[in-house]
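For reference, the structure discussed in these notes is given below.
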Amino acid sequence: MRTHTLETPDVDLVYDVAGPLPAADGRPPLLMIGQPMDASGFRELAGYFPDRTVVTYDPRGGPRSVRKDGRGEQTPQDSARDVHAVIEAVGGGPVHLFASSGGAVVALALVAAFPNHVAVLVAHEPPMNPVLPDAAAAHRARAHYLETYQAKGVEDDGSRDNPLLSGLAVAITDYHPDVAALTASPTRVVIAVGEETGHVYTARTARTAARVLGQEATSFPSHHLGFVGGLGRPEEFAARLREVLDAE
């Protein structure tokens, strides 16, 4: 694995590349992104793709990607431009993209803005309030993120300086997908949902977003963190991801 730093006016983006560039077999690089999850959350999943060139990164404000713009909030549009910059740095695309949680929202914004840079997008449980019909969605969003945060063994200390709990990620959960742009894009967009997520917030937003885009959500093993070692079933998750990426 090689670690690189991409300097932009707003942020120094740190990303990791496992495998050759360009890929030895000619297949597109496989990017894995989250929000607020950084590259470390995808290490186990990436390990199940030894035959692929895998790229992961830390979002702006993450542990290694230092912001220079003096801001704290996260927006899908800013992060989409960051991911686009990383894609350009690794060869310009089109790429295969697995994106989870807030990263899936960022990925939808990326495809809407840069439709020729992603060949296949698997958007896993994007939390987007506007696709839901009821006003209580924002409360469920925060509750879900709190549960996810605590599932990692970290207690809520009330400080609100973590993106999962602060108001810094509101622009992510309040993002309204550009359905016209996504529908017109050459990108094959797959909205994914965990088979064990049930009917909680991210399952509802995923299934509703899929219907908005004229599809049914594609089932993946486990739950919202199903690809994370110790919390989900990453080997089964990786097998399903490979199957979906390779589908015609």
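Each reported figure results from applying straightforward, stated rules to the coordinates on display, with no laboratory input. Quick caveat, the model's predicted, so the values are computed rather than measured. Positions of Cβ are generated from backbone atoms using ideal geometry, with glycine treated the same way; all protein chains shown enter the neighbour counts.
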Item checked: Alpha carbon centroid spacing (whole Å) that separates segment 1-30 from segment 51-120 -> 11
Item checked: FRET efficiency, residue 21 to residue 116 (Cβ-Cβ, R0 25 Å, nearest 0.05) -> 0.85
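Relative contact order, percent, of the chain when contacts are C-alpha pairs under 8 Å separated by at least 6 residues?
18
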Item checked: Label zone at residue 235 (point 7 Å along Cα-to-Cβ), backbone N below 14 Å, segment 28-55 -> 45, 47-49
Check: At a Förster distance of 22 Å, what's the computed FRET efficiency of residue 73 paired with residue 196, Cβ-Cβ distance as r, to 0.05?
Finding: 0.10
Note to self: Under 10 Å, Cα contacts only: if you run a Gaussian network model on the chain, which one of 230, 92, 194 comes out with the highest mean-square fluctuation?
What the structure shows: 230
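Just to be sure I understand: if I project the alpha-carbon convex hull of the chain onto a plane and average over all orientations, what area do I get in nm²?
With the hull built on Cα positions only, its mean projection is 12.2 nm².
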Check: Going by how many other Cβ atoms sit within 10 Å of their own, how do 87, 33, 172 line up, fewest first?
Finding: 87, 172, 33
Notebook entry, point to check: Which residue, 199, 223, 96, has the most motion in a Gaussian network model of the chain that connects Cα atoms within less than 10 Å?
Noted result: 199
Check: Of the trypsin sites (Lys or Arg not before Pro) in segment 1-96, which ones lie in a loop per DSSP and count no more than 15 other C-beta atoms within 10 Å?
Finding: 68, 71
